[in-house]
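Visitor: Could you have a look at this structure, given as structure tokens, before my questions?
The values are calculated or read from the model by the stated rules, or taken from the named source; none is laboratory data. Because the structure is a prediction, the values reported are computed rather than measured. Reconstructed Cβ throughout: ideal geometry from the backbone, glycine too, with neighbour counts over all protein chains shown.
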Amino acid sequence: MKRILLYSPDVVGHPRVYCRVIADALAAEPCELVVAMGFTDAVGLNESPDLQPLATRPGVQLVDTRTLSADGKPHLKAEEIVKAQERFGADTTLFIEADKSNDEFARISVGNAPRLRGRNLGIFANTAEWYPGEDSFTGQRRRLLAPTVKTTLGNVKRALFNRRDSVRYFFEQTVIRSRVLDEIFVKDERLADWRGPPVHWMPEISRPAQASETPEEAAEFLHRQGELAAFVASNPEREPVLYFGDAAYYKGYDLFLEFVAASPATCAIHAGRTYDAEQQRYFRCDVAELRHRLLQEGRLHETNGYVHTQRLKELFFGSVRVYLTTHRLALSSSTVIQALEMGKPVLVPDRGLLGHRVRSNGLGDTYQYEDLADLGQKAEKMWRADLSSFAEPVARFWHRFADAAVKSFFVERLVRQC
């Protein structure tokens with residue numbers, strides 16, 4: 001029976017959702033699964049409800065990567081990854097966040113570390129600089145020509161003499177030509193269409209498949225439903241806007257609060273956990289003061305907790321007519337995909353994969369990156385429009401990310417391919 005190893009050096013964020021969804025996709029397949037996760041003292045299995053069902057599932061083994069490391073660290077060296085592959089008899093290994101092993105891939109490619117065993121696949125997020133030539137975070141186009149001669153000459157010099165440091169060189173030479181990995185999975189369809197195999201487009205995973213609620217989850221839903229209904233009723237003349245997920249710089253939490261503070265005709269719902277000290281250092285404004293002001297005005301509702309059940313997600317996304325996002329990270333967004341699943345048109349920054357998808361597929365509208373005035377104008381325009389016109393293109397696009405599409409992809413690439 002084929003043995004598949006999922007390796008994720010971190011657990012916080014989407015990795016645990018990815019591992020859960022992939023495990024669910026393979027549940028009925030003739031294979032055994034080892035899920036090696038980078039748990040920490042702060043975030044373990046108890047803090048990962050999406051992973052908990054795997055702990056007792058037959059044919060699935062959960063492993064703390066710290067037990068595989070000589071230093072007790074969650075991130076493994078190439079030598080430790082190879083030992084793990086040998087220990088678990090892995091036929092296929094999937095690197096859930098392959099970007100975080102780039103240094104190890106480079107060591108392998110030049111012979112400074114042993115070759116990986118079996119068939120090896122990697123999910124990469126930071127590919128935009130490879131193609132179509134955008135900054136991987138902001139989505140801004142990268143060009144040789146710059147506003148000044150000095151910067152332009154610097155760009156030309158780096159392109160000519162520092163070619164080995166480029167993202168394109170890493171993927172084309174270090175990974176593909178050196179055959180460190182057999183296949184590369186990317187979320188950006190523009191790259192997969194341009195490059196072709198061994199680069200494959202992967203339907204992004206936005207959530208686990210729906211599951212039966214526990215009594216505790218059902219009780220939480222009723223509690224949250226009552227809270228939300230009371231909040232919306234207290235703002236009858238205001239347009240609700242939603243921030244979904246953890247309060248973070250990359251998702252523009254500070255920009256979201258600024259937008260709401262400057263838009264008295266709106267009220268805000270934050271379904272997710274609040275920020276920590278690290279995130280607070282990145283914000284461009286005093287978010288504590290903004291939160292306090294909005295709470296005092298009765299215009300901000302917060303769950304201050306992780307939202308993971310499908311009914312809760314439907315509840316919160318169902319509270320808005322348009323899902324507008326203040327993302328700074330212009331790559332694909334799982335929250336945008338979840339909004340589309342709920343049939344909501346979206347309003348996103350005009351850069352990167354986010355902007356490309358919305359423009360190309362008629363999913364809503366875009367606004368100038370980090371321009372809150374433009375966001376306000378575009379939002380008003382959408383709220384006044386006939387939003388039913390977006391229903392068909394939104395449903396058609398979401399179909400590419402549906403549970404059946406995700407399952408089909410991973411069964412094909414992990415089980416049926418030799």
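Visitor: Among residues belonging to segment 15-30 that are buried (at least 17 other Cβ atoms within 10 Å of the Cβ) and hydrophobic (A, V, I, L, M, F, W, C), point out the one that is farthest from Val415 (Cα to Cα). I'd like the intermediate steps shown before the answer.
Guide: From segment 15-30, those buried (at least 17 other Cβ atoms within 10 Å of the Cβ) are 15-26, 29; that's our starting set.
Right, trim to hydrophobic (A, V, I, L, M, F, W, C) and you get 17, 19, 21-23, 25-26.
Values: Val17: 20, Cys19: 15, Val21: 15, Ile22: 11, Ala23: 12, Ala25: 11, Leu26: 8 Å.
Only one residue tops the list, namely Val17.
Visitor: Which one of the conditions (1) buried (at least 17 other Cβ atoms within 10 Å of the Cβ); (2) not in a strand (DSSP E or B) does Pro49 fail to meet, given that it meets all the rest?
Guide: (1)
Visitor: Residue by residue through segment 203-218, note down the ones that are under 21 Å from the mean Cα position of the chain (by Cα) and either modelled with pLDDT of 90 or more or of a type in the set (Asp, Glu) (or both).
Guide: Hits for segment 203-218 are Pro203, Glu204, Ile205.
For (1) closer than 15 Å to Phe244 by Cβ; (2) among the charged types (D, E, K, R), each residue gets a yes or a no:
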{"residue": "Arg293", "(1), (2)": "no, yes"}
{"residue": "Gln296", "(1), (2)": "no, no"}
{"residue": "Thr325", "(1), (2)": "yes, no"}
{"residue": "Ser333", "(1), (2)": "yes, no"}
{"residue": "Asn361", "(1), (2)": "no, no"}
{"residue": "Leu372", "(1), (2)": "no, no"}
{"residue": "Lys378", "(1), (2)": "no, yes"}
{"residue": "Ala391", "(1), (2)": "no, no"}
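Visitor: Quick one: is Asp350 within 19 Å of the chain's Cα centre (by Cα), touching a residue at least 24 places away in the same chain (Cβ under 8 Å) and on the phi < 0 side of the Ramachandran plot?
Guide: Numbers: within 19 Å of the chain's Cα centre (by Cα): yes; touching a residue at least 24 places away in the same chain (Cβ under 8 Å): no; on the phi < 0 side of the Ramachandran plot: yes.
Here the answer is no, as Asp350 does not meet what is asked.
Visitor: With exposed (fewer than 14 other Cβ atoms within 10 Å of the Cβ) and either of a type outside the set (Asp, Glu) or under 28 Å from Arg207 (Cβ atoms) (or both) as the only criterion, which of Thr65, Thr93, Thr56 stands out?
Guide: Numbers: Thr65 fails: exposed (fewer than 14 other Cβ atoms within 10 Å of the Cβ); Thr93 fails: exposed (fewer than 14 other Cβ atoms within 10 Å of the Cβ).
Only one candidate passes the filter, namely Thr56.
Visitor: Moving on to the next point. For a quick check of your reading of the model, give me the residue pairs whose first member lies in segment 211-223 and is under 16 Å from Asp50 (Cα atoms) and assigned to a helix (DSSP H, G or I), whose second is at pLDDT 90 or above and charged (D, E, K, R), with beta-carbon atoms closer than 9 Å and at least 6 apart or on different chains.
Guide: These pairs meet every condition: Glu217/Arg311.
Visitor: Which one of these is in contact with a Cys (Cβ under 7 Å, 6 or more places away or on another chain) and either touching a residue at least 12 places away in the same chain (Cβ under 8 Å) or not in a helix (DSSP H, G or I) (or both): Ile22, Ile81, Ile4?
Guide: From the options Ile22, Ile81, Ile4, the qualifying one is Ile4.
Visitor: Considering Thr40, Thr67, which residue is among the polar types (S, T, N, Q), at pLDDT 95 or above and in the same structural domain as Thr127 (by TED's automatic domain parsing)?
Guide: Values: Thr40 fails: at pLDDT 95 or above.
Sole residue among the options that is among the polar types (S, T, N, Q), at pLDDT 95 or above and in the same structural domain as Thr127 (by TED's automatic domain parsing): Thr67.
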